[in-house]
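Undergrad: Could you have a look at this structure, given as structure tokens, before my questions?
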Amino acid sequence: MPKRRRNPRNADVSDVNGEDDVVLRETAPLQLRYYGDSVLRKRAKPVVEITDADIQLAEQMLMTLEATGNGIGLAATQVGVLKRLTVVDLGEVDDEVYEPLVLFNPEILSSEGEIVAEEGCLSIPDITADVKRPERIVVEGINVQRESIRIESDGLLARVLLHEIDHLNGVLFIDRISGLKRRLLSDELLRLQQAPRPS
Ligand code: NI
């Protein structure tokens with residue numbers, strides 16, 4: 001999921017320190033999958049044992065997210081890997097800096113309230129719409145240290161987690177908008193679906 005404003009942290013790549021710079025050069029971002037790609041409609045499978053390769057995938061996903069310049073969440077499905085893995089990097093929100101988050105096998109334990117906010121998706125470029133979602137959630141999963149963690153969240157973090165968990169179930173945010181709004185977007189969605197993409 002992209003943020004609406006460009007993240008100033010990512011606005012100038014030359015700002016990164018020397019060490020990060022080497023990593024950025026040595027590891028290429030993963031290829032994003034776009035609307036129309038059938039992989040986005042598939043259900044990802046639980047990660048039974050988290051291997052070193054899975055950890056590396058999570059790190060590559062965080063790097064891919066960073067490379068988008070405005071991304072705050074990415075599901076493995078969006079890089080064509082059908083594993084239940086998502087990464088979130090909110091950066092700075094309302095003067096608070098959030099650490100990047102890796103979550104294997106995320107499960108929603110509970111949710112409450114309802115709130116509407118604008119969303120977009122890195123796999124559906126240039127389209128945004130208001131989406132109604134639970135306001136507060138409790139999510140459980142396994143972090144990059146292979147520890148079980150529980151996250152109580154609201155606001156942007158809750159929204160991103162719900163959006164990314166949807167991806168792991170083959171669900172896109174446009175599935176959650178009103179029929180009228182979807183009809184208004186139908187030409188644009190058709191254009192995206194038919195757009196040539198790098199393979
Ligand atoms: Ni998305």
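Undergrad: With a cut-off of at most 16 other beta carbons within 10 Å, and DSSP calling the residue loop, which trypsin sites (Lys or Arg not before Pro) in segment 108-199 qualify? Please list them.
TA: Arg146
Undergrad: Right, next: Compute the distance in nm between two label points, each set 7 Å from the Cα along the Cα-to-Cβ direction, one at Asp52 and one at Glu107.
TA: Modelled inter-label distance: 2.9 nm.
Undergrad: Which log10 I(q)/I(0) values does segment 71-176 give at q = 0.16, 0.24 Å⁻¹ under the Debye formula, counting every alpha carbon as one identical point scatterer?
TA: Once normalised to I(0) and log-transformed, intensities are -0.68, -1.58.
Undergrad: Additional query: For the chain, what does -39500 (n - 2.57) per DSSP helix run (n ≥ 4), summed and divided by total residues, give at 222 nm, in deg cm²/dmol to the nearest 500?
TA: Computed mean residue ellipticity for the chain: -9000 deg cm²/dmol.
Undergrad: Now for a different question. Jot down the radius of gyration and Dmax of segment 97-153, Cα atoms only, both in angstrom.
TA: 13.8, 36
Undergrad: Any chance you could count the Lys pairs in the chain whose alpha carbons are under 18 Å apart, treating pairs 8 or more apart or on different chains as valid?
TA: The result is 4.
Undergrad: May I pose another question? Tell me whether segment 30-102 comes out rounded, prolate or oblate; compute the Cα gyration tensor, take square roots of the eigenvalues as a ≥ b ≥ c, and use a/c under 1.5 as the rounded threshold.
TA: Judged from the Cα gyration tensor, segment 30-102 comes out oblate (a/c at least 1.5, b/c at or above a/b).
Undergrad: Length gain on complete extension for the stretch Ala28 to Asp126, per 0.36 nm per residue less the alpha carbon to alpha carbon distance?
TA: Result for the pair: 32.9 nm of gain on full extension.
Undergrad: Measuring from a point 7 Å past the Cα of Ser148 along Cα-to-C-beta, which residues in segment 107-121 have an amide N at less than 16 Å?
TA: The answer is 107-110.
Undergrad: On to the next question. What residues qualify as long-range amide H neighbours of Ile115, i.e. H under 5 Å apart, gap of 5 or more or another chain, H built at 1.01 Å from N?
TA: Sorted by chain and number, the residues that satisfy this are Arg133, Glu135.
Undergrad: Express the C-alpha Rg of the chain as a ratio against the empirical globular expectation 2.2 N^0.38 Å, rounded to two decimals.
TA: Normalised Cα radius of gyration, the chain: 1.00.
Coordinate-derived values only; no laboratory data. Keep in mind that this is a model prediction, so the values were computed, not measured. Because the Cβ atoms are built from the backbone with ideal geometry, glycine has one as well, and the counts that use them run over all protein chains shown.
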